[in-house]
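S.K.: My structure is below; once you've seen it, I'll send some questions.
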Amino acid sequence: MTGVRAGRPASPALRVRPRRELRRQRRRRSHSCWDHLIAAPLWPLHGANLGTLLRTCDAVGACLAVPRLPWVPEALRRGNTLRHPACVHWVGDPVSWLERQRAEGGRVVGVELAENAVRLADLPPARTRTVAVLGHEQYGIPAEALDLLDAAVEIPMVGTGHSLNVAVAGSLVLYKLAGLV
């Protein structure tokens, strides 16, 4: 029985799309600022996570907001494998910056285990300027910043760990907010 499996017709052959075709479908050049979706790992612990998030931001059309810590520029330089400048917003005081984002009409969504948190699968795509706040990997989002969240999103887990690392959690939430999954 060639071409039929369990009573169903065989699926058409998969075709790997060439890079030239993929490039034609994407933006023609890098942006100065997407300004619609911003990933904000404002209390980072590991520099490698910032490089990974920077790559995800480019993939989904988001910017990255990072604190002005001495080690962050080097972590971004090492992690930027994009071959073009990335959109990075530098943040002096994270809490004041989040207050400003809300005052300017932005929606602030925290990735946090919290009461009334929305499950990742139920998170709607961002329709307005949205900041995805990522906390410290050990301590989460500080209490003074939790009050500034418009919503919290929880990533369900069935394993024994309590949370994912910032790069993985941020990437999952960014893809969902961008409406790409």
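The values are calculated or read from the model by the stated rules, or taken from the named source; none is laboratory data. Fair warning: this is a prediction, and the values are worked out from it, not measured in the lab. Positions of Cβ are backbone-derived with ideal geometry, glycine not excepted, and every protein chain shown enters the neighbour counts.
S.K.: Scan the stretch 137-154 and give yes if some residue there is out of contact with any helix residue (DSSP H, G or I) (no Cβ under 8 Å at 6 or more places or on another chain), among the polar types (S, T, N, Q) and without any contact (Cβ under 8 Å) to a residue 60 or more places away in the chain, otherwise no.
M.R.: No: the stretch 137-154 contains no residue that is out of contact with any helix residue (DSSP H, G or I) (no Cβ under 8 Å at 6 or more places or on another chain), among the polar types (S, T, N, Q) and without any contact (Cβ under 8 Å) to a residue 60 or more places away in the chain.
S.K.: How many residues does the stretch 141-171 hold that are under 19 Å from Leu45 (Cα atoms) and crowded, with 19+ Cβ neighbours inside 10 Å?
M.R.: At the first step, the residues of the stretch 141-171 found to be under 19 Å from Leu45 (Cα atoms) are 141-146, 161-171.
Applying the additional criterion that residues be crowded, with 19+ Cβ neighbours inside 10 Å yields 141, 145, 166-167, 169-171.
Number of matching residues: 7.
S.K.: OK, next. Inside the stretch 64-83, can you point out the residues that are in a helix (DSSP H, G or I), modelled with pLDDT under 90 and over 18 Å from the mean Cα position of the chain (by Cα)? If you could, list the steps in order and put the result at the bottom.
M.R.: Applying the first criterion (in a helix (DSSP H, G or I)) to the stretch 64-83 yields 72-79.
Remaining after also requiring modelled with pLDDT under 90: 77-79.
Result: Arg77, Arg78.
S.K.: Same structure again: Mind checking which residues of the stretch 74-83 are surrounded by 12 or more Cβ atoms within 10 Å (Cβ to Cβ) and among the charged types (D, E, K, R)? Explain how you work it out, then say what you get.
M.R.: Kept after step one, since they are surrounded by 12 or more Cβ atoms within 10 Å (Cβ to Cβ), are these residues of the stretch 74-83: 75-76, 78-80, 82.
The one that is surrounded by 12 or more Cβ atoms within 10 Å (Cβ to Cβ) and among the charged types (D, E, K, R): Arg78.
S.K.: Just checking, how many residues over the stretch 64-95 are without any contact (Cβ under 8 Å) to a residue 60 or more places away in the chain and closer than 19 Å to Arg129 by Cβ?
M.R.: Here the count works out to 10.
S.K.: Which of the residues belonging to the stretch 84-140 are surrounded by fewer than 17 Cβ atoms within 10 Å (Cβ to Cβ), part of a helix (DSSP H, G or I) and not polar (S, T, N, Q)?
M.R.: Listed by number, the residues that qualify are Val95, Glu99, Arg100, Arg102, Ala103, Ala121, Asp122.
S.K.: While we're looking at this one, here's another question. If I go through the stretch 22-49 residue by residue, how many of them are surrounded by 12 or more Cβ atoms within 10 Å (Cβ to Cβ), at pLDDT below 95 and among the hydrophobic types (A, V, I, L, M, F, W, C)? First the steps, then the outcome.
M.R.: Let us first name the residues in the stretch 22-49 that are surrounded by 12 or more Cβ atoms within 10 Å (Cβ to Cβ), namely 30-31, 34-49.
Right, trim to at pLDDT below 95 and you get 30-31, 34-36, 44-49.
After this cut, where a residue has to be among the hydrophobic types (A, V, I, L, M, F, W, C) as well, the list is 34, 45, 48.
Within the stretch 22-49, residues that are surrounded by 12 or more Cβ atoms within 10 Å (Cβ to Cβ), at pLDDT below 95 and among the hydrophobic types (A, V, I, L, M, F, W, C) number 3.
S.K.: Can you name the residue in the stretch 92-112 that is aliphatic (A, V, I, L, M) and over 17 Å from the mean Cα position of the chain (by Cα) and, of all such residues, is farthest from Leu50 (Cα to Cα)? Don't jump to the end; show me each part of the working.
M.R.: So in the stretch 92-112, the residues aliphatic (A, V, I, L, M) come out as 95, 98, 103, 108-109, 111.
Within this subset, residues satisfying the condition of being over 17 Å from the mean Cα position of the chain (by Cα) are 95, 103.
Working: Val95: 19, Ala103: 26 Å.
The extreme case among them is Ala103.
S.K.: So, in the stretch 41-59, of the ones that are in a helix (DSSP H, G or I) and not hydrophobic (A, V, I, L, M, F, W, C), which residue ends up farthest from Leu172 (Cα to Cα)?
M.R.: Out of the qualifying residues, it is Gly47.
S.K.: Could you check Pro41 against (1) within 23 Å of Ala151 (Cα to Cα); (2) touching an Asp or Glu at 6+ places or on another chain (Cβ under 8 Å) and say which number it fails?
M.R.: Unmet for Pro41, out of (1) within 23 Å of Ala151 (Cα to Cα); (2) touching an Asp or Glu at 6+ places or on another chain (Cβ under 8 Å): (2).
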